[in-house]
Amino acid sequence: LTLTSKWDSPYKNIHKKKAFLKYTILQSKNIRAVHNLAIKEFLGKPRDIPNEDLFRFPIWSTWAQYKKNITQKIVVEFAEKIKELGFRASQIEIDDDWTPSYGDMEFDKSKFPGAQYMIQQIHDMGFKVTAWVHPFVSPKASVASKDYWVKGSMKGIFTWWNGLGKALDVTSPGARAWYKACLNHLKETTGLDSYKFDAGETKWIPSSPKFHEDMESPNTYCQKWAELCCEIDPDLRALEIRVGFRTQHLPAFIRMMDKDSKWDHDNGLKTLIPHALTFSLLGYPFVLPDMIGGNAYKGMPDKELYIRWLQCNALMPAMQYSV
């Protein structure tokens with residue numbers, strides 16, 4: 001085992017420190033005891049728990065079932081069908097493509113002419129309602145010209161999975177305050193309960209990035225994004241996020257990345273248990289497996305796969321349906 005200490009990209013010596021090497025070896029009677037020691041001395045524990053409904057009742061998302069083809073009518077009919085068939089639900093997630101442009105913190109009136117009424121309808125069925133959000137803005141959005149985004153080459157524009165965009169500068173107090181204010185205002189005006197926070201990895205920032213505050217490690221971006229998400233829903237705690245770095249203290253469900261609707265170890269059903277165990281060993285006990293049956297990117301899961309996925313998921317902390 002060779003351990004090396006040096007300042008090298010992508011790590012920055014922003015405090016002009018001399019390189020030093022410090023490490024700790026933990027030893028105990030068995031792996032469980034070592035794990036408990038690591039949590040106590042280094043990782044820490046969650047300061048609270050997510051909303052209890054998320055443990056008791058399934059989350060339902062529009063994503064795998066409808067992808068971007070969602071409207072007010074479709075979302076209401078989806079909720080009605082869930083209730084009609086006797087399923088329980090903690091909350092309904094309105095997933096991708098409910099805004100005019102990515103980064104606009106408002107419902108697209110052509111698809112959702114009465115968002116407040118729609119959310120009230122779903123509340124009356126006994127379900128909470130959340131919406132899918134992320135740290136990106138489309139160059140077409142009205143706020144793209146504001147000073148809230150990470151700067152870099154190509155004017156800070158890069159490609160994410162939904163096209164061109166800019167990334168929120170989570171090191172900027174002004175950008176963080178603006179983002180929180182927008183999402184809190186949306187909750188107040190529409191009745192939304194919380195959010196499904198997507199992305200946050202440093203993969204999704206422009207090349208040669210320039211932040212409001214320099215970061216020693218790219219992991220700081222994930223850390224600050226996860227903390228910001230929890231600041232937006234500190235009381236109900238009905239949110240979900242998918243990143244973290246030294247954020248074991250946050251009382252939030254951490255979602256696995258999108259799973260494919262197949263059996264194998266290549267992002268299929270067989271990865272579900274290894275991923276859950278990995279999250280837990282890292283000190284993140286509130287594991288949110290992705291959609292039961294997978295995301296149906298290449299066709300719906302077959303009946304056998306769906307049932308086995310459901311059985312496996314039933315033994316995990318939370319359940320999330322779409323199909």
Quiz prompt | Base-10 log of normalised Debye intensity for region 251-314 (one unit scatterer per alpha-carbon) at q = 0.22, 0.29 Å⁻¹ | solution = -0.85, -1.28
Quiz item: At each listed q (0.16 Å⁻¹), what is the log10 of I(q)/I(0) that the Debye formula gives for region 175-323 modelled as equal alpha-carbon point scatterers?
Solution: -0.96
Quiz item: Rounded, prolate or oblate: which one fits region 140-251, using the alpha carbon gyration tensor with axes a ≥ b ≥ c (rounded when a/c is under 1.5, else prolate when a/b beats b/c, else oblate)?
Solution: oblate
Quiz item: Using a Gaussian network for the chain with springs between C-alpha atoms less than 10 Å apart, which of these wobbles most: Asn69, Asn30, Asn13?
Solution: Asn30
Quiz prompt | Shape category assigned to region 1-103 from the gyration tensor of Cα positions, a/c cut at 1.5 | solution = oblate
Self-check item: Interchain or long-range residues, amide H under 5 Å from Trp263's placed H
Solution: Leu269
Quiz item: Suppose R0 equals 22 Å; then what is the FRET efficiency for Ile39 and Leu1 from their Cβ-Cβ distance, rounded to the nearest 0.05?
Solution: 0.45
Quiz item: If you build a Gaussian network model of the chain, linking Cα atoms that sit under 10 Å apart, which residue out of Glu227, Glu213, Glu240 swings the most?
Solution: Glu213
Exercise. Compute the semi-axes of the equivalent ellipsoid of the chain, taking the square root of 5 times each eigenvalue of the Cα gyration tensor, and list them largest first in whole Å.
Key: 33, 27, 18
Self-check item: Pairs of Lys in region 190-306 closer than 12 Å at Cα, counting only those 8 or more apart or on different chains
Solution: 5
Quiz prompt | Derived scalar couplings ³J(HN,Hα) [region 149-158; Karplus, 6.51 cos²θ - 1.76 cosθ + 1.60; whole Hz; x for Gly, Pro] | solution = 10, 4, 8, x, 5, 6, 6, x, 8, 9
Quiz item: Going by a ≥ b ≥ c, the root eigenvalues of the Cα gyration tensor, does region 5-52 fall in the rounded group (a/c under 1.5), the prolate group (a/b larger than b/c) or the oblate group?
Solution: oblate
Quiz item: Per-residue HN-Hα couplings for region 265-272, Karplus 6.51 cos²θ - 1.76 cosθ + 1.60 at θ = phi - 60°, whole Hz, x for Gly and Pro?
Solution: 7, 8, 6, x, 4, 5, 8, 4
Quiz prompt | For Ala131, residues with placed amide H under 5 Å, excluding near neighbours | solution = Ile94, Ser194, Tyr195, Lys196
Quiz item: With each pseudo-label sitting 7 Å past Cα toward Cβ, what's the Tyr23-Thr171 distance in nm, one decimal?
Solution: 2.8
Self-check item: Contact order relative to length of region 197-292, as percent, for alpha carbon pairs under 8 angstrom and 6 or more apart
Solution: 22
Quiz item: How much FRET efficiency would the formula 1/(1 + (r/R0)^6) give for Arg88 and Asp302, where r is the Cβ-Cβ distance and R0 is 22 Å, rounded to 0.05?
Solution: 0.35
Quiz item: Given the C-alpha centroids of region 188-220 and region 61-102, what is the distance between them in whole angstrom?
Solution: 25
Self-check item: Peptides ranked, highest mean first, by Cβ atoms within 10 Å: ranges 97-110, 160-173
Solution: 160-173, 97-110
Quiz item: How high is the relative contact order of region 48-202, given as a whole-number percent (alpha carbon pairs under 8 Å, six or more residues apart)?
Solution: 23
Exercise. May I ask you to list the residues of region 268-312 whose amide nitrogen lies under 15 Å from a point 7 Å from Cα along the Cα→beta-carbon direction of Lys81?
Key: 296, 300-301
Quiz item: Put +1 on the Cβ of every Lys and Arg and -1 on every Asp and Glu Cβ in region 62-138; which of Gln116, Tyr102, Phe136 then has its Cα farthest towards the positive end of the dipole?
Solution: Gln116
Quiz item: Taking the Cα centre of the chain as origin and charging only Cβ (+1 Lys, Arg; -1 Asp, Glu), how large is the dipole, in debye to the nearest 20?
Solution: 1080
Quiz item: What chymotrypsin sites (Phe, Trp or Tyr not before Pro) does region 253-292 have in DSSP loop regions with at most 16 other beta carbons within 10 Å?
Solution: Trp263
Quiz item: In Å², what does the accessible area per residue of the chain work out to with a 1.4 Å probe?
Solution: 51
Quiz item: Quick one: with all protein chains in place, what share of the accessible area of the chain is carbon or sulfur, to the nearest percent (1.4 Å probe)?
Solution: 54
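The values are calculated or read from the model by the stated rules, or taken from the named source; none is laboratory data. Given the structure is predicted, the values throughout are model-derived calculations rather than measurements. No Cβ is skipped: glycine too gets one built from the backbone with ideal geometry, and neighbour counts run over all protein chains shown. Each accessible area value is taken on the protein alone, full model and side chains, heavy atoms only, with ligands, DNA and RNA left out. Shrake-Rupley method; radii C 1.70, N 1.55, O 1.52, S 1.80 Å.
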